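Comments concern the structure below.
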Amino acid sequence: MLDDIIYLSKKLIKLPSISPLDLGCQKIISKRLKKIGFSIEKFKINNTNNLWAYKGIGKTLTFLGHTDVVPPGNLNDWKTDPFDPIIKDNFLFGRGSSDMKCALSAMIIAVESFLKKFSFFSGRISFLITSDEESFGYDGTKKIIKILKNRNEKIDYCLVGEPTSNLKVGDVIKNGRRGSISAKIIFYGIQGHIAYPNLAKNPIHSALQAIKNFLNLKLDLGNDFFQPSNLQIFYISSGNENITNMIPGSIKIGLNIRYNTEISQKRIVFKIKKILDQCGLKYHINWIFSGKPFITNSGFLLETVKKSIFQINKFFPKLSTSGGTSDGRFFTCMNSDIIELGLVNKTIHQVNECVKISDLYKLSKIYRNILKNLFI
Ligand SMILES: [Zn+2]
């Protein structure tokens, strides 16, 4: 089992599939899945490859993952070639090892091993794999879920293979994620000579009050599963860096809000607009809604994942909703239970990304147990 996981992981890491490219990873995966009786559908949208594969009938578990990786960064900082996977001191090194080609391999080998033992099972196992998770996600999971929803596919359980573990594989799982909203705002004043401020209207001075009010905004208090929603400014510019005698005509700011299940998108928009309306400037606002929050705080999938981890580790995982968004967010419209469980995230997106070899085996065993506990 372990040899198979390493073999497949290495094969995938060797392909430098920098997002949104797949470069043949999904071909390798679909070939393997076809061999064990999966039906395969491929969706190529612009530069993005997507794979939907399924076997069985009934309650559906979807393994969700991605074949794309982030760029390697400075090659001189790597001790090994990022796209030539090497095992050293019981770790497998390579870009995408922990995020998340090895987890994909662990899933596939788990399914192969499960089907070898249980040719009859009551349910449907499926894979949804994209190559557009690390970049914008325009042509990936979001679009495929839309297609699946339009043809009335039902997905009961979604297991995301993103690297959620902290120190040991399975010590932390994500049972929810915060939502994300960004706003790009332009405040308009009146441009003028800096020596004649009475003939101009300085948008920076007025916008500062709005920014102060944004930072004082209490969106909610959080709940048992989520920290309070949080607003951060990520950009301020008047575009007037070098002209010292001019009051600029406008100022742009960017803000991002990570929000929880205590507050709705609509309510956030209302609160932001209220502050803007009070600032006495004309403004234009551009919203970017990146994803709604989700929480799976009970149910069969959560209990099954906890039990399956315990069977291997002899301890239960800690539940967490921290971190950025994941493609799990696109499953909220399917009303699926969503749990994320993957490898240790210590080196993700870093140089010298690596995974512990023994973790690959453990993770695959946990995935296999999940299948057994769900479907047998
Ligand atoms: Zn990832």
Got a sec to turn the phi values of the stretch 37-53 into Karplus ³J(HN,Hα) couplings, 6.51 cos²θ - 1.76 cosθ + 1.60 with θ = phi - 60°, whole Hz, x for Gly and Pro? x, 7, 7, 10, 10, 10, 10, 9, 10, 6, 8, 9, 9, 10, 10, 10, 10
Go ahead and run the numbers for FRET between residue 167 and residue 233, Cβ-Cβ distance against an R0 of 35 Å, rounding to 0.05. 0.55
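Give the relative contact order (percent, whole number) for the chain; include only Cα pairs under 8 Å separated by 6+ residues.
After rounding, I find 26 percent.
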Which value in nm describes the separation of the simple spin-label points at residue 300 and residue 35, placed 7 Å from the Cα toward the beta carbon? 3.1
If you restrict to DSSP beta bridges whose two residues both lie in the chain, what percentage is antiparallel, to the nearest 5? 70
When you count, for each residue, the other Cβ atoms within 10 Å and take the mean per peptide, how do 217-223, 98-104, 128-134 rank with the highest first? 98-104, 128-134, 217-223
Taking a crude spin-label model, label points 7 Å out from Cα along the C-beta direction, the residue 266 to residue 87 distance in nm is 5.6
At 7 Å along the Cα-to-beta-carbon direction for both residue 286 and residue 240, put a label point, then send me their distance in nm to one decimal. 2.1
Among the lysines, which fall within straight-line cross-link reach of residue 201, defined as a Cα-Cα distance under 22 Å, with same-chain neighbours fewer than 8 residues apart omitted? 184, 212, 252, 273, 274, 282
Tell me, in nm to one decimal, what length is gained between residue 191 and residue 307 on full extension, where the rule is 0.36 nm per residue of separation less the Cα-Cα distance? 35.3 nm
Can you list the aspartates and glutamates whose alpha carbon is less than 16 Å from that of residue 55, not counting same-chain residues fewer than 8 positions off? 41, 112, 153, 156
Dipole axis of the stretch 57-130 (+1 Lys, Arg; -1 Asp, Glu on Cβ), positive-most option in 98, 85, 125: 125
In terms of Cα to Cα distance under 23 Å, which lysines are near enough to residue 168, apart from those fewer than 8 places away along the same chain? 10, 88, 101, 306, 307, 314, 318, 346, 356, 362, 365, 372
Rounded to the nearest 10 degrees, the helix 357-375 long axis (Cα) sits at an angle to the longest Cα principal axis of the chain of 80
What is the Cα centroid distance between the stretch 237-272 and the stretch 147-178, reported in whole angstrom? 32
Could you give each residue of the stretch 57-66 its phi-based ³J(HN,Hα) in whole Hz, using Karplus coefficients 6.51, -1.76, 1.60 with θ = phi - 60°, and x for Gly or Pro? 9, x, 3, 10, 9, 10, 7, 10, x, 9
What residues have an amide H closer than 5 Å to that of residue 240, excluding those fewer than 5 places away on the same chain, when H is modeled at 1.01 Å from N in the peptide plane? none
Taking θ as phi - 60°, what are the ³J(HN,Hα) couplings along the stretch 170-175 by the Karplus curve (6.51, -1.76, 1.60), each to the nearest whole Hz, with x for Gly and Pro? x, 6, 9, 10, 9, 10
Specify the inter-centroid distance of the stretch 26-80 and the stretch 87-112, based on alpha-carbon positions, in whole Å. 13
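Read the figures in this text as sums done on the coordinates, not as results from a lab. Predicted, not measured: the structure shown is a model, and the values here were computed from it. All Cβ positions, glycine included, derive from the backbone under ideal geometry; neighbour counts span all protein chains shown.
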